[in-house]
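**Q** This structure is in structure tokens; I'll ask about it shortly.
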Amino acid sequence: MGDRGEAAHTGGLRADLAKRPADVAAMFDRVAQRYDLTNTVLSGGLDASWRRATRAALGARPGQTVLDVAAGTAVSTVELAAGGVHAVACDFSQGMLRAGAARPVPKVAGDAMALPLADESVDGVVISFGLRNVADPDAALREFRRVTRPGGTLVVCEFSSPTWTPFRTVYTEYLMRALPRIARAVSSNPDAYGYLAESIRAWPDQPALAARLQSAGWADVGWRNLTGGIVALHRGRKPRD
Ligand SMILES: C[S@@+](CC[C@H](N)C(=O)[O-])C[C@H]1O[C@@H](n2cnc3c(N)ncnc32)[C@H](O)[C@@H]1O
């Protein structure tokens, strides 16, 4: 879980782009209380459709086991579990896991860079709006490959870069100006949403993230844009060797 003492200089309010695990976990602990509501408000209600698209991209069959890394309140895990899939939520923020305690999916505390799972123990891994917050995303992508069975699937759902320049300009304005203001009205930790805007702007675009999946050993890497590229779904397959 990391040393929460390290987060003292931020008071647990927000992380910065160094993404120290203790800062990130403490920030989400404080966001947890109203996380689901804030998410829905800030995304204009699109979050549910992004979760459905993530489940479709994974394409898990009934009875298969999938790990939802950085699952937060497990709202993303519940969607993955639809239709008889065994979906397990994993997160390092105890506050987020507690806020989702009533959701009927198994939950485990764990860090994306050192998952508490055996090698090749799951059929698929999903990480939704989580990889951008991980201190070493390349280490996490390799860790996801370790726990996935040969032939299994990885889906990364993450904020990305709108492809149409005028739309990208309007969206950047929304991120930097409107989003922090709306968050002040809705969130239990509005400071965290300054970090949200900064971390989205600093995140690799679609081709750059695809190259990182490939470098981590994922095959057949591709992506699909959602909402004009505000979000991208990257998909990879673990080679059978
Ligand atoms: C924006 S929330 C996403 C929650 C959920 N997947 C969803 O789609 O609503 C990001 C989550 O990532 C978690 N997280 C960030 N870095 C992590 C890490 N290294 N290991 C495990 N969880 C992490 C945070 O605690 C937080 O709950």
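The values are calculated or read from the model by the stated rules, or taken from the named source; none is laboratory data. Fair warning: this is a prediction, and the values are worked out from it, not measured in the lab. Positions of Cβ are generated from backbone atoms using ideal geometry, with glycine treated the same way; all protein chains shown enter the neighbour counts. Heavy atoms of the whole protein, side chains included, go into the accessibility calculation; ligands, DNA and RNA do not. Shrake-Rupley method; radii C 1.70, N 1.55, O 1.52, S 1.80 Å.
**Q** So Met113 passes all but one of these: (1) open to solvent by less than 20 Å² (accessible area, probe 1.4 Å); (2) within 9 Å of the ligand (Cβ to nearest atom). Which condition number does it fail?
**A** (1)
**Q** Just one of Arg52, Arg103 is over 16 Å from the mean Cα position of the chain (by Cα), more than 8 Å from the ligand (Cβ to nearest atom) and open to solvent by 50 Å² or more (accessible area, probe 1.4 Å); which is it?
**A** When all the criteria are applied, what remains is Arg103.
**Q** With the requirement that a residue be over 15 Å from the mean Cα position of the chain (by Cα) and either modelled with pLDDT under 95 or at positive phi (or both), what does the stretch 55-81 give you?
**A** Gly59, Gly63
**Q** What about Pro137, is it crowded, with 16+ Cβ neighbours inside 10 Å and touching a residue at least 24 places away in the same chain (Cβ under 8 Å)?
**A** Answer is yes for this residue.
**Q** Just the residues that are within 11 Å of the ligand (Cβ to nearest atom), in a loop (DSSP other than H, G, I, E, B) and of a type outside the set (Asp, Glu), please, taken from the stretch 116-140.
**A** Those that are within 11 Å of the ligand (Cβ to nearest atom), in a loop (DSSP other than H, G, I, E, B) and of a type outside the set (Asp, Glu): Pro116, Phe129, Gly130, Val134, Ala135.
**Q** Output the residue which, of all residues in the stretch 38-49 that are within 12 Å of the ligand (Cβ to nearest atom) and in a helix (DSSP H, G or I), is farthest from Ala87 (Cα to Cα).
**A** Here the residue is Leu42.
**Q** A further question follows. What do you reckon, is Val147 in contact with a helix residue (DSSP H, G or I) (Cβ under 6 Å, 6 or more places away or on another chain), within 24 Å of Asp68 (Cα to Cα), open to solvent by less than 10 Å² (accessible area, probe 1.4 Å) and at pLDDT 95 or above?
**A** No, not satisfied.
**Q** So, in the stretch 1-30, exactly how many residues are within 12 Å of the ligand (Cβ to nearest atom) and at pLDDT 90 or above?
**A** Counting residues in the stretch 1-30 that are within 12 Å of the ligand (Cβ to nearest atom) and at pLDDT 90 or above gives 12.
**Q** Check Leu67 against each of (1) out of contact with any Leu (no Cβ under 6 Å at 6 or more places or on another chain); (2) assigned to a strand (DSSP E or B); (3) near the ligand (Cβ under 8 Å from one of its atoms) and name the one condition it does not meet.
**A** (3) is the only condition that Leu67 fails.
**Q** Which one of the conditions (1) open to solvent by less than 10 Å² (accessible area, probe 1.4 Å); (2) free of Cβ contacts under 8 Å to residues at least 24 places away in the same chain; (3) within 20 Å of Val156 (Cα to Cα) does Asp23 fail to meet, given that it meets all the rest?
**A** (3)
**Q** Additional query: Restricting to the stretch 81-94, what's the tally of residues that are open to solvent by 10 Å² or more (accessible area, probe 1.4 Å), within 11 Å of the ligand (Cβ to nearest atom) and not in a strand (DSSP E or B)?
**A** Of the residues in the stretch 81-94, 2 are open to solvent by 10 Å² or more (accessible area, probe 1.4 Å), within 11 Å of the ligand (Cβ to nearest atom) and not in a strand (DSSP E or B).
**Q** Further question on the same structure: Of the residues in the stretch 201-220, how many are of a type in the set (A, V, I, L, M, F, W, C) and either touching an Asp or Glu at 6+ places or on another chain (Cβ under 9 Å) or open to solvent by 30 Å² or more (accessible area, probe 1.4 Å) (or both)?
**A** So the answer is 6.
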